[in-house]
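Undergrad: Structure in structure tokens, see below.
Every number in this text was worked out from the coordinates using simple rules, so none of it is lab data. Please read all numbers here as calculations on a predicted model, not as lab measurements. Every residue, glycine as well, gets a Cβ built from its backbone with ideal geometry; the counts of neighbours run over all protein chains shown.
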Amino acid sequence: MSKSLIVQKYGGTSVGTLERIEHVADRITKTRKTGTDIVVVVSAMAGETDKLLKMACRLSKNPARREIDLLLSSGERISAALLTIALQARGIPALSMTGRQIGLQTDSTHTRARIKNIDTQRARKMLRENHVIVVAGFQGINPEGDVTTLGRGGSDTSAVALAIALGARQCEIYTDVDGVYTCDPRIVPQARRLDVVSYDEMLEMASLGAKVLQIRCVEFAHKYKMPLIVKSSFEEGDKGTLICEEDANMEQPVVSGIMCDKNQAKITLKEVPDQPGIAANIFAPLAHASISVDMIIQNVSEQGHTDMSFTLQREDLREAMVIMDKVAKKIHATHVSSDAKIAKISIVGAGMRSHSGVAAQIFKTLSAHKINILMISTSEIKVSCIIEQKNSKLAVNALHDAFNMKGKPGKMNAKRKTAKKVKAV
Ligand code: ADP
Ligand code: ASP
Ligand code: MG
């Protein structure tokens, strides 16, 4: 482990304009002067990935995932090169690197590849030669030598994986908020910043729609105990959130966060014959296409037929509908429909294990605001409801109030401050 190495990741808004890139270059220059070795990972400039995706979709209804990967990877390359040019202009010896050049090897699942290995030989040599390395995030190379990408928000995962592979002392994620909040501060302005969050809670939060961190990056950080710090690139100072191992003395809050995932869609198959093997017929082809399904609901059977609904990520909807049209013919379902105007609202809290009544309180609150629940799912430490997307802001604000999460840091935060602190540079 290199005690002096840190990995810093700057997200899309942090490198969104040339002025922002200059600002990031100034920050890195300052840190560099403290004698710290730095590897920087950058995202594409804000909006760039969406813009490229839209261009592809104008040319084809179903563009090949391999081509999408090559296209999207260019966004991060632009930021990496521009930031490196800005650093060099400040007299900092810096070099930009693509995923391939930094040795980030993945499997072959285009657009959502998983990291298999990082060959750090070249990076270590560059660090010995005193370079700041600026890596284009979100991308790697598969065994065939083709460019892959790591799924939306994947630069977070590039950063954590590099921090682990290079033995950095911590990984800092710089973004447009100064930490992880009880809820997305864009939806609930009174949301409260959490000083410390355990890996377990962050995993739930990320998987339920807190897009401040990609879930894979939290999984990696958890597995290899890499301290993660989320901070704002727009503000100076030490404020931020530390994500680390749970302290044994840490009190488990009943509710630690409310997540809202608007990136969901629902597919319904009507009048599916209710017989063994039907679920396998529906879900096996989706699994084969690496499409993850979230909630599944099967209605009560009537005259040997039933309706089946399930949710998935909206970006997979188009491909899933192509598959479901074929499946519906095969299993003799009468109709397939989709709804992309839904949202998943989730309440997370490790203390739910030992406290009852959270689900009841959620249902009561939503009903008081006349919000209809379309689907429900629960686990030990979370309750999720699918609702109409137009009600999501109202629902999240109402629940945030109902669980009294705003205001000054309460007992939960005070206790959490006792967790091991890792100082952000
Ligand atoms: P970047 O481009 O830096 O990767 P993202 O847009 O991916 O930034 O993530 C930062 C955004 O995550 C914030 O602007 C905020 O709106 C959103 N967000 C969602 N949930 C949370 C949360 N619980 N705490 C903080 N930010 C959140
Ligand atoms: N640019 C990619 C995205 O918009 C990856 C990232 O920003 O982390 O999803
Ligand atoms: Mg992000």
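Undergrad: Based only on other Cβ atoms within 10 Å, what is the fewest-to-most ordering of Tyr10, Tyr174, Tyr199, Tyr224?
TA: Arranged by neighbour count, lowest to highest, Tyr10, Tyr174, Tyr199, Tyr224 become Tyr224, Tyr199, Tyr174, Tyr10.
Undergrad: Hey, another quick one. From the backbone phi of the stretch 372-379, what are the Karplus-calculated ³J(HN,Hα) couplings (6.51 cos²θ - 1.76 cosθ + 1.60, θ = phi - 60°) in whole Hz, Gly and Pro given as x?
TA: Running phi through 6.51 cos²θ - 1.76 cosθ + 1.60 with θ = phi - 60° gives 7, 9, 8, 8, 9, 9, 9, 9 Hz.
Undergrad: Right, here's the next one. Students often get this wrong: which residues of the stretch 88-103 have the backbone nitrogen under 20 Å from the point 7 angstrom along Cα-to-C-beta of Lys125?
TA: The answer is 93-103, whose backbone nitrogens lie closer than 20 Å to the label point.
Undergrad: Near the amide H of Val41, under 5 Å away, which other amide H atoms are found, from residues 5 or more places off or on another chain, if H is placed in the peptide plane?
TA: Gln8, Lys9, Tyr10, Val135
Undergrad: Computed FRET efficiency, Cβ-Cβ of Lys51 and Asp274, R0 60 Å: what is it to the nearest 0.05? It would help to have the intermediate numbers written out before the result.
TA: Details: r = 45 Å, r/R0 = 0.76.
The value I calculate is 0.85.
Undergrad: Next up: Nearest 10 degrees, 0 to 90: what angle lies between the long axis of helix 65-89 and the longest principal axis of the chain (Cα atoms)?
TA: Between helix and principal axis, roughly 30 degrees.
Undergrad: Please give me the summed charge of the neighbours of Asp26: other residues whose Cβ is under 12 Å from its Cβ, Lys and Arg +1, Asp and Glu -1. Working shown, then result.
TA: Working: positive: Arg20, Arg27, Lys30, Arg32, Lys33, Arg90; negative: Glu19, Glu22, Glu236.
Charge balance in the 12 Å sphere: +3.
Undergrad: Can you give me the relative contact order of the chain as a percent, contacts being Cα pairs under 8 Å and 6 or more apart?
TA: On the way: 904 pairs, mean separation 61.2, N = 425.
It comes to 14 percent, rounded to a whole number.
Undergrad: Describe numerically, in nm with one decimal, the distance between label points set 7 Å from Cα along Cα→Cβ at Ala284 and at Glu246.
TA: Distance between label points: 3.8 nm.
Undergrad: Under a point-charge model restricted to the Cβ atoms of Lys and Arg (+1) and Asp and Glu (-1), what is the dipole moment magnitude of the chain relative to its Cα centre, in debye to the nearest 20?
TA: 840 debye
Undergrad: Classify the stretch 203-247 from the C-alpha gyration tensor, please: rounded if a/c falls under 1.5, else prolate or oblate depending on whether a/b exceeds b/c.
TA: It comes out oblate by the Cα gyration axes.
Undergrad: Given the options Gly16, Ala89, Met202, identify the residue whose Cα lies farthest towards the positive end of the charge dipole of the chain (+1 on Cβ of Lys, Arg; -1 on Cβ of Asp, Glu).
TA: Towards the positive end, the residue furthest out is Ala89.
Undergrad: By how many degrees, 0 to 90 and rounded to 10, does the Cα axis of helix 48-59 deviate from the longest principal axis of the chain?
TA: 50 degrees
Undergrad: Right, something else. Kirkwood Rh, the stretch 54-134, all Cα pairs: how many Å? The partial results should precede the final answer.
TA: Working: mean 1/r = 0.0688 Å⁻¹.
Computed over Cα pairs of the stretch 54-134, the Kirkwood hydrodynamic radius comes out at 14.5 Å.
Undergrad: Could you give the length gained on full extension between Ile373 and His332, defined as 0.36 nm per residue of separation minus the Cα-Cα distance, in nm? All intermediate terms of the calculation are to be shown ahead of the outcome.
TA: On the way: separation 41, 0.36 × 41 = 14.76 nm, distance 2.88 nm.
Here the answer is 11.9 nm.
Undergrad: Treating only the Cα positions of the chain as identical point scatterers, give the base-10 log of I(q)/I(0) from the Debye formula at each q in 0.07, 0.11, 0.13 Å⁻¹.
TA: So the normalised log intensities work out to -0.37, -0.89, -1.19.
Undergrad: Once you put a point 7 Å from the Cα of Ser356 and another 7 Å from the Cα of Gln303, both along the Cβ direction, what distance in nm separates them?
TA: Placing both labels 7 Å along Cα→Cβ, they lie 4.1 nm apart.
Undergrad: Continuing with the same structure: Taking the Cβ-Cβ separation of Thr17 and Asp238 as r and a Förster radius of 22 Å, what is the calculated FRET efficiency to the nearest 0.05? Kindly include the intermediate steps, with their values, before the conclusion.
TA: Details: r = 26 Å, r/R0 = 1.17.
Efficiency at R0 = 22 Å is approximately 0.30.
Undergrad: What list of ³J(HN,Hα) values in whole Hz, one per residue of the stretch 202-208 in order, does the Karplus curve 6.51 cos²θ - 1.76 cosθ + 1.60 (θ = phi - 60°) give from phi, with Gly and Pro shown as x?
TA: Listing the rounded values in order: 5, 4, 4, 4, 5, 6, 9 Hz.
Undergrad: Another question about this same structure. Once you sort the root eigenvalues of the Cα gyration tensor of the stretch 145-269 as a ≥ b ≥ c, which label holds: rounded (a/c under 1.5), prolate (a/b larger than b/c) or oblate (the other case)?
TA: rounded
Undergrad: Modelled label-to-label distance, Ala340 and Val293, 7 Å Cα→beta-carbon offset: nm?
TA: Result for the modelled spin labels: 2.1 nm.
Undergrad: Once you keep just the Cα pairs under 8 angstrom separated by 6 or more residues, what percentage relative contact order results for the stretch 1-159?
TA: Reported relative contact order: 26 percent.
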